[in-house]
Amino acid sequence: MAVVVVSGAIANKPFQGGEAWVRLSWALGLKRLGFEVWLVEQITGATCVDETGAVVPFEESANRAYFLDVVAAFGLGDTAVLVLDDGPVTAGAPWEEVCDVAVEAELLVNISGHVRSDALLRRFRRRAYVDIDPGYTQMWHEAGGDPVNLLAHDLHFTIAENIGRSACGIPDAGLRWIPTRQPVVLDEWPTAPAADDGRFTTIASWRNPFGRLEYAGRTYGIKLDEFRKLIDLPRRSSNRFELALDIHQAERPDLELLRRNGWDIADPRAVAATPEAFRGYVQGSGAEFSVAQGVYVETASGWFSDRTARYLASGKPTLVQDTGFGTVLPVGEGIVPFRTMDEALAGADSIVADHDRHARGARAIAEQHFDSDIVLGRFLEDAGVGP
């Protein structure tokens, strides 16, 4: 059986069920296609913390415990390993076995270039970088240096499907970018009826870890900038909007502004800390409403959220900020894009007025465009790898 190694951040992003799904979907999807799949993650000692955020030894960390719990829950415990720094300390399989697997593997699927250590990278015969932060990845590279180690990879994939088209403002950084999508293992995401079809939700961070992006004399905003443009949406709509929002309590003025304008605020740690809880929150919603990072929108990148793909799979219509994805995905039924406040208001009313039609459209889009069998089959073909 051919071996593929998937790398990405689970332990590095503990208690974020949606982030875990990104990596799990690649691993579980490739396993469905007949591969022996290993999930390998690196973490540094300085980022090992307890549940309060205090730095603790690796063996006592919440990161390690979270990683082991997640992989065990999805049947990956025997082929998953968390590596401390550059090894040889690990959780899961021993370092020596990880090194042997790297040599044997047909491909490293390196999501966001998470494995950066030469001690591991050099052992793989073929390395594929999977870019899920388009704009940041390419503009950082263009600005000088190679902060995410792009040049250590043989193949470069991106979920910004418009890169290379004249309308897209993201540079190619001198590399050939192969379009791909975030896979959804549909068996893990069945359709689910909602108790309240008029409840729009999303799970989001008010600030991303990178901050605003500056490139070629231009500054691209972050998600909070886009939310602020639509701050009075709930007050102007007859529909209910809820954000499971990761926002620091120090940003009290923003929290008060959101609540004053009618947003319901949930704690993502309470409702979506594990993959199972995240799935339950999505499937208990009527639909999704969300904005995107400024760089995804302003460059017409074609970026599409993995979270939104999971709403679609669950039969949840999505009202999402337009990033140019209409060039590659059907819109208007199941996916309703918006650019302005008026479009967002009209889109919400359209979804609620004909929810069943939009729900059927949502699931159909997931089956046709995000099914892991289809997405990963094409990915493997582009990578020149077979089971």
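Given the criteria at pLDDT 95 or above and either at negative phi or surrounded by fewer than 19 Cβ atoms within 10 Å (Cβ to Cβ) (or both), does Arg116 qualify? Against the criterion (at pLDDT 95 or above and either at negative phi or surrounded by fewer than 19 Cβ atoms within 10 Å (Cβ to Cβ) (or both)), Arg116 does not qualify. Only one of the listed residues (Ala20, Ala11, Ala72) is of a type outside the set (Asp, Glu) and not in a helix (DSSP H, G or I). That residue is Ala11. Look at the stretch 61-77: where a residue is in contact (Cβ under 8 Å) with a residue 40 or more places away in the chain and under 21 Å from Thr44 (Cα atoms) and a partner is of a type in the set (Asp, Glu) and crowded, with 18+ Cβ neighbours inside 10 Å, sitting 6+ places away or on another chain with Cβ atoms under 8 Å, you get Phe67/Glu41. Checked against (1) in the same structural domain as Arg236 (by TED's automatic domain parsing); (2) surrounded by 24 or more Cβ atoms within 10 Å (Cβ to Cβ); (3) out of contact with any Gly (no Cβ under 8 Å at 6 or more places or on another chain), Gly347 meets all criteria but (2). Scanning the stretch 181-203 for residues that are surrounded by fewer than 22 Cβ atoms within 10 Å (Cβ to Cβ) and either farther than 21 Å from Ser314 by Cα or aliphatic (A, V, I, L, M) (or both) yields Leu186, Ala192, Ala194, Ala195. Only residues that are over 16 Å from the mean Cα position of the chain (by Cα) and in a loop (DSSP other than H, G, I, E, B) were counted across the stretch 270-317, and they come to 9. Mind listing whichever residues of the stretch 245-261 are farther than 15 Å from Thr202 by Cα and buried (at least 16 other Cβ atoms within 10 Å of the Cβ)? Of everything in the stretch 245-261, those that are farther than 15 Å from Thr202 by Cα and buried (at least 16 other Cβ atoms within 10 Å of the Cβ) turn out to be Asp254, Leu255. Looking only at the stretch 139-166, residues that are of a type in the set (A, V, I, L, M), modelled with pLDDT of 90 or more and closer than 23 Å to Asp306 by Cα come to 6 in all. Could you grab me the full set of residues in the stretch 207-218 that are assigned to a strand (DSSP E or B) and surrounded by 14 or more Cβ atoms within 10 Å (Cβ to Cβ)? Once the filter is applied, which keeps residues that are assigned to a strand (DSSP E or B) and surrounded by 14 or more Cβ atoms within 10 Å (Cβ to Cβ), the stretch 207-218 yields Leu213, Tyr215. For the stretch 223-260, a tally of residues being under 23 Å from Val282 (Cα atoms) and in a loop (DSSP other than H, G, I, E, B) returns 7.
Give the residues of the stretch 125-168 that are among the small types (Gly, Ala, Ser), over 19 Å from Gly211 (Cα atoms), out of contact with any strand residue (DSSP E or B) (no Cβ under 6 Å at 6 or more places or on another chain) and touching a residue at least 40 places away in the same chain (Cβ under 8 Å), sorted by residue number. Within the stretch 125-168, Ala160, Ala167 meet the criteria.
The values are calculated or read from the model by the stated rules, or taken from the named source; none is laboratory data. It should be emphasised that the depicted structure is a prediction, and the values quoted were computed from it without experimental measurement. Heads up, the Cβs are rebuilt from the backbone with ideal geometry, glycines too, and the neighbour counts pull from every protein chain shown.
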